[in-house]
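Colleague: Mind having a look at this structure? Questions to follow.
No lab work stands behind these numbers, since they all come straight from the coordinates. If you're wondering where the values come from, they're calculated on a predicted model, not measured in any experiment. Cβ placement follows ideal geometry from the backbone for every residue including glycine, while neighbour counts extend to all protein chains displayed.
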Amino acid sequence: MYQHLHTDFGELDSLLEQVKEQAGNYLGDLHNRPVSTTFEVDDIPGLSEEGLGAAKALEQFNSRLEPLIVASSGPRYLGFVTGGSTPASIAGDWLATIYDQNTQAVKGEGDISAVIEQEAVKLLLALFDLPSDFFGGFVTGATMSNFTCLAVARQWYGRQLGKDYARDGIRDKVHVLTATPHSSSVKSLAMLGLGSRNILKVDTLGGNREAIDPDDLEKRILELEGAPFILISSAGTVNTVDFDNFEAIGKLRKKHNFWWHIDAAFGGFAACSPEYEHLLKGWEDADSITIDCHKWLNVPYENAFFLVRKEHNLLQAETFQNSNAPYLGDPMENFSYLNFLPENSRRLRALPVWFTLMAYGKKGYRHIVENSVEMTLLMGDFIVQNPKFDLLAPVRLNTVCFTLSGEENQENVRPFLTALNRSGKVFMTPTVYQGKKGIRAAFVNWMTSKEDVTIITEQMDRIAEEIL
Ligand SMILES: *Cc1c(COP(=O)(O)O)cnc(C)c1O
């Protein structure tokens, strides 16, 4: 055995002890660590001939790179939609690494990782109050979940025309209708050969809404004269967290032939609260649903899952069948995740999810979701009351979309945001909403408290004072 491997394995306890201590220090100090850095990294030392051994590698990491790592898992990182990690999910994630299972395995053949994955999916269905008509599995993020769902939609579309796209490729123009899709759905259409330019944009409801206009949707459907299509709908748009009207879409689906996909990457968590679950009314009738776990579930990256109705199992297996692992007849009989999603070998991504759901249950997630919304509303109130800022849309759930007051300040939005992010106290991301430059602050971290919102609004006030 190579010397360093031998030594490291012998000193594993002390290595893990050091890492554990470091983890405690990082997590314990998350509140104080800056959320941004204007970093400069020294030259890479290069690959050493002999290797350094794990202890020295850790030293190298700690001296060069660790100080530059920002608190994006902390309570005041409001950029994109960025969750943190619950304690139980960290435990599960560490163990996923330690046990290092490959979750492709066929159920019942000496490995239970696929069983754990299905258990975690069951827990998730219970959390979201969704029926057991859905088959689910884990992928790296909502982008890959959208990709997976839309890949099955593609196969479904082909079958409507009597074709097998998975085997024969696509030569047809595939109709995709949507109003305000997330960029990752558009990217998925590109990756799937469906063509991002083939989207037929449906109108949104007027005014401040990003949700689909069901009347215009019906009009577009009638224009297709009975041709099948794929509908991508939103449970939470990223700018203003608007939800399509799923009851109205469900009614249309009874009359027309389409695949209904919902991107509920973070908005799906509205289901955890009796106050907000109405936003999702009727979503259980969709063909496929995307939900992220590394956002509002607060498990470490990379973690998301897809749900596809069980009645589409065969289409899903046709889409993802791995040629080395043929399924015979019923794809569920010799079940393997290999035949149901893009990756073959996968880490045991279900374990952090399993841990956090077992640890905090329905009530814990209701609390996390309601706390995030409360913090969002607090910041929304600050914007409304402060003459230097304007809301670009009402606060609907967990995101504040705002700008600087006054047309003349449009050019100051970017400098303001840069200065705000450089403060290291809070991080937000830029956006454009209805032609206006704006800023988004998304709250999904379980730790965020009123004290954090005070720190955030004080910074905003101070920097606006300086810049305007
Ligand atoms: C974040 C997000 C995605 C993409 O998720 P990743 O985890 O970054 O791949 C897709 N859809 C919505 C609505 C999102 O918020």
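Colleague: Which value in deg cm²/dmol, rounded to the nearest 500, describes the helix-derived mean residue ellipticity at 222 nm for the chain, given -39,500 (n - 2.57) per DSSP H run of n ≥ 4 and division by the residue count?
Modeller: It comes out at -12500 deg cm²/dmol, rounded to the nearest 500.
Colleague: Right, next: Using only the alpha-carbon atoms of region 88-356 as identical scatterers, what base-10 log of I(q)/I(0) does the Debye formula give at q = 0.07, 0.08, 0.13, 0.14 Å⁻¹?
Modeller: Results for region 88-356 at q = 0.07, 0.08, 0.13, 0.14 Å⁻¹ read -0.24, -0.31, -0.83, -0.96.
Colleague: What residues of region 27-66 lie in the reach of a label at His4, counting those whose backbone N is under 20 Å from a point 7 Å from the Cα along Cα→Cβ?
Modeller: Under cut-off, by backbone N: 42-66.
Colleague: Related question: Which aspartates and glutamates have a Cα less than 16 Å from the Cα of Lys295, not counting those fewer than 8 places away in the same chain?
Modeller: Asp93, Asp263, Glu370
Colleague: What is the Rg over Rh value, at two decimals, for region 88-193, using alpha-carbon atoms and the Kirkwood definition of Rh?
Modeller: Rg/Rh for region 88-193 comes to 1.04.
Colleague: Counting chymotrypsin sites (Phe, Trp or Tyr not before Pro) as exposed when in a DSSP loop with at most 11 other beta carbons within 10 Å, what is the longest stretch of the chain free of them?
Modeller: Segment 40-468 is the longest.
Colleague: Counting only C-alpha contacts under 8 Å and six or more residues apart, can you give the relative contact order of the chain as a whole percent?
Modeller: Relative contact order comes out at 22 percent.
Colleague: If you don't mind, another one. Which of rounded, prolate or oblate describes region 364-467 when judged by the alpha-carbon gyration tensor and an a/c cut-off of 1.5?
Modeller: prolate
Colleague: Taking the inverse of the average 1/r across all pairs of different Cα atoms in the chain, what Kirkwood radius in Å do you get?
Modeller: Evaluated over the chain, this radius sits at 24.0 Å.
Colleague: Between Leu65 and Gln410, with labels modelled 7 Å along Cα→Cβ, what's the label distance in nm to one decimal, could you check?
Modeller: Result for the modelled spin labels: 4.2 nm.
Colleague: Once you wrap a convex hull around the alpha carbon atoms of region 241-315, what is its projected area averaged over all directions, in nm²?
Modeller: With every direction weighted equally, the projected area is 5.8 nm².
Colleague: Continuing with the same structure: Cα centroid distance between region 72-104 and region 10-40, in Å?
Modeller: 14 Å
Colleague: Give the Cα extents of region 196-328 along the principal axes, in whole Å, largest first.
Modeller: 52, 42, 29
Colleague: I've got another one for you. In whole angstrom, note down how far apart the Cα centers of region 345-388 and region 120-199 are.
Modeller: Between the Cα centres of region 345-388 and region 120-199 lies a distance of 26 Å.
Colleague: P(r) tail for region 291-447, what percent of Cα pairs lie past 22 Å?
Modeller: So the portion of pairs separated by more than 22 Å is 60 percent.
Colleague: What nm value, rounded to one decimal, do you get for the distance between Glu21 and Ala57 when each label is placed 7 Å out toward the C-beta?
Modeller: About 2.0 nm separates the two model spin labels.
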